[in-house]
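Working notes, beginning with the structure itself.
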Amino acid sequence: MTDSESAQKPQKFAAPRGTADVLPDDWPYWRFVRDTAERVCEAFGYRRIDTPVFEHAGVFLRTSGAGTDIVEKEVYLFEDRGGDRLALRPEGTANVMRAYIEHGMSSLPQPTRLYYIAQNFRYDRPQAGRYRQHTQLGVEAVGDADALLDAEVIDILRTFFMELGLRDYTIKLNTIGDPACRPAYIEALRSYYRPLLPQVCEDCRGRFEKNPLRLLDCKEERCQPAIAGAPRLHDYLCQDCRDHFQRLRDCLAALDISYVIDEHLVRGLDYYTRTVFEFHPAVEGAQSSMGSGGRYDGLVELLGGPPTPGVGFGSGFERLILNLKRQEAAVPADPDPALFIALVAAEAAPLALRLADRVRSEGLQAVVGSPGRSLKTLLRHADQKRASYVAIIGRKELESGEVTLRAMLDHTERSVAVEDVADIVRP
RNA sequence: GUGGGCGUGGCCUAGCGGUUAAGGCGCCAGGUUGUGGCCCUGGAGAUCGAGGGUUCAAAUCCCUCCGUCCACCCCA
């Protein structure tokens, strides 16, 4: 559309596909989830880090894995005016590792415990619980390979869900080996599948090339015989991976965390090693994962840093809120105003504004109703906002210099000096 | 990227070829010449997602696009 056309018929805009406005009615859910996330992370000694919304494209393209969906079709790539190739952050871990390297956090006492609440962007086809811009809590424990930390981040996510009141979910756990043992397994898996390729579904033929581990996760009927006879990853694990997994299980047992081992659980990003896990709600739904993560011992090196182990997870707020709504969870409501000012006479505006400021300076919420409405309407507004007191200011009050203070609960009114209002309305 | 459902005032919905597109919620006003939550009355607010086509006539039929929802892929 040209400028002249748009000038004739101003275009109405909607939020871009896959994005959503968080409206005031939804905000209590967001505040609840965000506050709970911050409190839980800090209780575990994790410190907040925020990184830019965009990075040099290589931060993500080099780390996620060449064949992954994220790299192949989901990253928002752009070139800025200086010619730099940049990418909107599609996931949270790689850029935090970039910051870990850049700021020399490896010289801090390890592990470095970090968390963040940040927007990610992926050019996906939107559906319930899946958006092109989504928000997640991310937690990373970097610089220590002990499986105790795997258990710790799982404990954080479990505690987070508990404090949110999310009850019906399952923790799926798996180990996917490390560079010492996984390549041999992948080779064995490919050798096994190669002659079977004509019999499996088309998706699986793609998986054979791009992500063979995911072959075992196919739900197609025709692929089940192949899956049943496939070699098992757990038979190929090296001793270090076995020990790590056993120590993780011991730690989880100590924490009374129950889980199911899902040998077919795989992660979408290439940098994961050993531990992977997902938290699934009991109710069915395609985008069911409410949080997932794992260990990524090779990631820092991929970004040019020293060999550094790490483990973490991401948990999507939109999905958490979806599940909170599904189970009709109670969340803290917006605070109610202590005072609503019903401005009946427009010329009393200065008095109304002074009164409102005075009450707010006492730390109380005060709302000025729009002048020009009938008192009846203003009282209805005060009622809808659940104000406990209404100060009525009209001609009478202008003359007397006092305001009429109405207690909404018992309908009583009295004349009160402006300087006394705050003390009376204070809950 | 693939397949399917749906797009009617701010929100929910009726109408599914034929004169001014109907109702509910919400909003505003009045009933109470300055008094809320219930009730009554009235009012404002819709080029029926956009564009094109069929027809004497389209919200209604057809096509394309856009959006949305569901599923697949994948993922938080």
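The values are calculated or read from the model by the stated rules, or taken from the named source; none is laboratory data. Please read all numbers here as calculations on a predicted model, not as lab measurements. Cβ sites come from the backbone with ideal geometry, for glycine too, and all protein chains shown count toward neighbours. Surface accessibility is based on the protein's heavy atoms, side chains included, excluding ligands, DNA and RNA. Shrake-Rupley method; radii C 1.70, N 1.55, O 1.52, S 1.80 Å.
Observations
- Output for the range A:265-282, where each listed residue is open to solvent by less than 30 Å² (accessible area, probe 1.4 Å) and closer than 13 Å to A:Thr68 by Cα: A:Val266, A:Leu269, A:Tyr271, A:Tyr272
- Test: A:Ala141 is crowded, with 22+ Cβ neighbours inside 10 Å and away from RNA strand B (no atom under 12 Å from the Cβ): yes
- Of the helices (runs of 4 or more DSSP H) lying entirely inside the range A:112-231, those carrying at least 2 residues that are among the charged types (D, E, K, R) and more than 31 Å from the chain's Cα centre (by Cα) are A:182-193, A:202-210.
- Those residues of the range A:264-300 which are within 13 Å of RNA strand B (Cβ to nearest atom) and among the acidic types (Asp, Glu), in sequence order: A:Asp270, A:Glu278, A:Glu284
- Subset tally (residues that are open to solvent by 30 Å² or more (accessible area, probe 1.4 Å) and more than 30 Å from A:Arg34 (Cβ to Cβ)) for the range A:163-195: 12
- Scanning the range A:385-418 for residues that are open to solvent by less than 60 Å² (accessible area, probe 1.4 Å), assigned to a helix (DSSP H, G or I) and near RNA strand B (Cβ under 8 Å from one of its atoms) turns up just one, A:Glu397.
- Scanning the range A:44-80 for residues that are within 16 Å of RNA strand B (Cβ to nearest atom), surrounded by fewer than 19 Cβ atoms within 10 Å (Cβ to Cβ) and farther than 18 Å from A:Asp124 by Cβ returns a single hit, A:Ala66.
- Selection within the range A:370-384: residues that are modelled with pLDDT of 90 or more and surrounded by 16 or more Cβ atoms within 10 Å (Cβ to Cβ). The member of this set that is nearest to RNA strand B (Cβ to nearest atom) is A:Leu379.
- Scanning the range A:243-263 finds one or more residues that are touching a residue at least 24 places away in the same chain (Cβ under 8 Å) and in contact with an Asp or Glu (Cβ under 6 Å, 6 or more places away or on another chain).
- A:Arg132 falls short on exactly one of the conditions (1) open to solvent by less than 30 Å² (accessible area, probe 1.4 Å); (2) within 24 Å of A:Thr273 (Cα to Cα), and that condition is (2).
- Odd one out for A:Ile261, checked against (1) at pLDDT below 90; (2) more than 7 Å from RNA strand B (Cβ to nearest atom); (3) open to solvent by 20 Å² or more (accessible area, probe 1.4 Å): (1)
- Which numbered condition A:Phe13 fails, given (1) loosely packed, with under 13 Cβ neighbours inside 10 Å; (2) away from RNA strand B (no atom under 12 Å from the Cβ): (2)
- Residue satisfying all of: in the range A:232-248; assigned to a helix (DSSP H, G or I) and crowded, with 20+ Cβ neighbours inside 10 Å; nearest to RNA strand B (Cβ to nearest atom) among these: A:Leu233
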